[in-house]
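As structure tokens, the structure follows; a few thoughts come after it.
Nothing in this text is a laboratory measurement; each read-out follows from the coordinates by a stated rule. Here the structure is a predicted model, which is why all the values come from computation and not from measurement. Every residue, glycine as well, gets a Cβ built from its backbone with ideal geometry; the counts of neighbours run over all protein chains shown.
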Amino acid sequence: MSADVRPLNPAQVRALSSLLENGSPKRAGTSAGVSERTVRRWSESEAFRAEYRRRAQSLADDAHVDLLAASAQAVQCLRAAMTNGTPATKVRAARAVLELAARLSDEDLAVRLAELERREAQRWTEGTSRLVSTG
């Protein structure tokens, strides 16, 4: 596999944008004024794939930021449902809050445990290297 580092041409950029928007090589080709086969061939190039990954990651990052921004409003909505809804709605909202809180707590514990394991492995490695060097 050769390293294709040439920048994308304008048609490739249009195809890439269309591909990210709708996922269809045929529509991407139409948007770029080329055939579906050409888009598929371009998608085999390292430069095209790298730019696709970069832009896809950027879109995912933007979506993540949007979700985080909306999460405060979602919590307010759940709180309102717990106090103002029907009994069944109150129970569903309360369950959602408890499940989300437990999941966040689990994720926090997993991060903390991984950090402790990393530190212990580092200490063990440093202790072993001292034993070997003094042995």
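Among the residues of segment 22-31, is there at least one that is touching a residue at least 40 places away in the same chain (Cβ under 8 Å) and not in a helix (DSSP H, G or I)? Checked segment 22-31: no residue is touching a residue at least 40 places away in the same chain (Cβ under 8 Å) and not in a helix (DSSP H, G or I). The listed residues are TRP124, TRP42, and the only one of them that is of a type in the set (Phe, Trp, Tyr) and either surrounded by fewer than 12 Cβ atoms within 10 Å (Cβ to Cβ) or more than 30 Å from PRO25 (Cα to Cα) (or both) turns out to be TRP124.
Regarding SER17, is this residue in a helix (DSSP H, G or I) and surrounded by fewer than 16 Cβ atoms within 10 Å (Cβ to Cβ)? Taking the combined requirement at face value, the residue satisfies it. Among the residues of segment 23-58, those identified as farther than 16 Å from PRO7 by Cβ and among the charged types (D, E, K, R) are LYS26, ARG27, GLU36, ARG37, ARG40, ARG41, GLU44. Of the residues making up segment 46-58, those that are within 18 Å of GLY23 (Cβ to Cβ) and surrounded by 12 or more Cβ atoms within 10 Å (Cβ to Cβ) are PHE48, ARG49, GLU51, TYR52, ARG55, ALA56.
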